[in-house]
Structures are given as structure tokens and as C-alpha cells.
């Protein structure tokens, strides 16, 4: 009798719950940041901030970043378009790591600098790109409907 089986054996339900938790956490962060970019500072302010940071094409990059965070985050709550949005989030966070946090340590510094947060968000998006949204998602429901009813094979 192995009491540690629950810790060592894979479980589809546990994996799907884990993906849901990860997806909702990523969604919450991106919605909060996107909300601030769209309704707080505003996209025009972010364009100037992107320009000041040396981010290429700030007039395209700032709105892209703001709107994918806000609306992509909302879609993530439902598990819709998870893989394409994950790719978009990776682009955003890679840009943050390259242009904003380049050379900063992973650990947050007293002045608030540090690349750890952008790094972990990039890796979380990468995990969701690779693993997908899990069973508790709109993407999964759509895939199930497209596949049709389950069929059994009869005979030997």
C-alpha cells in the first residue's frame, strides 16, 4: 500500500485543475495591467513611455500590449484562444524583459526594479502555450464538439 500515490501518480483531474488555476492567475495579472494601460494612464501615455524606453514601433507596440493584456486576459478567464493568446503574452513579456528589465536581477530591488515578475509571467504563458488550457475551458468544449460524440469500436 503506497500512501504517496496521490503525490506521485499523474491525475487528469488534478492537471486540469492546475491548468485552470494557472490560467486564472495569469488572467488576473494581465487584466489588471491591461486595465491600467487602457483606462488608467491611457494608451497615448503608454506610447510615450514605450518611446522613452526605446521600444521599437511604440505606436503599435503600446496599444498591442494594452489590449492583448486586457482582452486576452478576459478570454483567458474562459479558456478561449488560450494557445494563440499565450504566444501573444510571450511576445509582450519577452519585450518587457528585453527593453524594460534588461540587466536587472530576478529579485526585486528596493527601487522596484527586477525582472523576476516579467520572467515568471513569460514562463507561465509558455507553459500554457505548451500544455493548453485544460479540460475546464472554452477551447476544450469547442474541441469536444468538433470531434463529435465518442465512438466505440465493436468487434475483435
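Per-structure values
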read-out	value
Qualifying residue in the stretch 75-88 (condition: under 19 Å from the mean Cα position of the chain (by Cα), touching a residue at least 24 places away in the same chain (Cβ under 8 Å), farther than 19 Å from residue 31 by Cβ and surrounded by fewer than 20 Cβ atoms within 10 Å (Cβ to Cβ))	no
Checking residue 133 against (1) in contact (Cβ under 8 Å) with a residue 24 or more places away in the chain; (2) assigned to a helix (DSSP H, G or I), the condition it does not meet	(2)
Answer residue from the stretch 100-126, given it is surrounded by fewer than 16 Cβ atoms within 10 Å (Cβ to Cβ) and assigned to a helix (DSSP H, G or I) and is nearest to the chain's Cα centre (by Cα) among those	123
Some residue of the stretch 5-15 being out of contact with any helix residue (DSSP H, G or I) (no Cβ under 7 Å at 6 or more places or on another chain), at positive phi, outside any helix (DSSP H, G or I) and without any contact (Cβ under 8 Å) to a residue 40 or more places away in the chain	no
All positions within the stretch 127-156 that are exposed (fewer than 10 other Cβ atoms within 10 Å of the Cβ) and modelled with pLDDT of 95 or more	130
Some residue of the stretch 90-98 being more than 14 Å from residue 30 (Cα to Cα), in a loop (DSSP other than H, G, I, E, B) and either over 12 Å from the mean Cα position of the chain (by Cα) or modelled with pLDDT of 95 or more (or both)	no
Residue list for the stretch 49-65, restricted to those being in a helix (DSSP H, G or I) and surrounded by 14 or more Cβ atoms within 10 Å (Cβ to Cβ)	49, 50, 51, 58, 61, 62, 63, 64, 65
Filter result for the condition that a residue is modelled with pLDDT of 95 or more and closer than 18 Å to residue 126 by Cα, over 80, 32	80
Selection status of residue 72, within 10 Å of the chain's Cα centre (by Cα), assigned to a helix (DSSP H, G or I), on the phi < 0 side of the Ramachandran plot and modelled with pLDDT of 95 or more	yes
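The values are calculated or read from the model by the stated rules, or taken from the named source; none is laboratory data. Here the structure is a predicted model, which is why all the values come from computation and not from measurement. We place every Cβ from the backbone using ideal geometry, glycine too, and count neighbours over all the protein chains shown.
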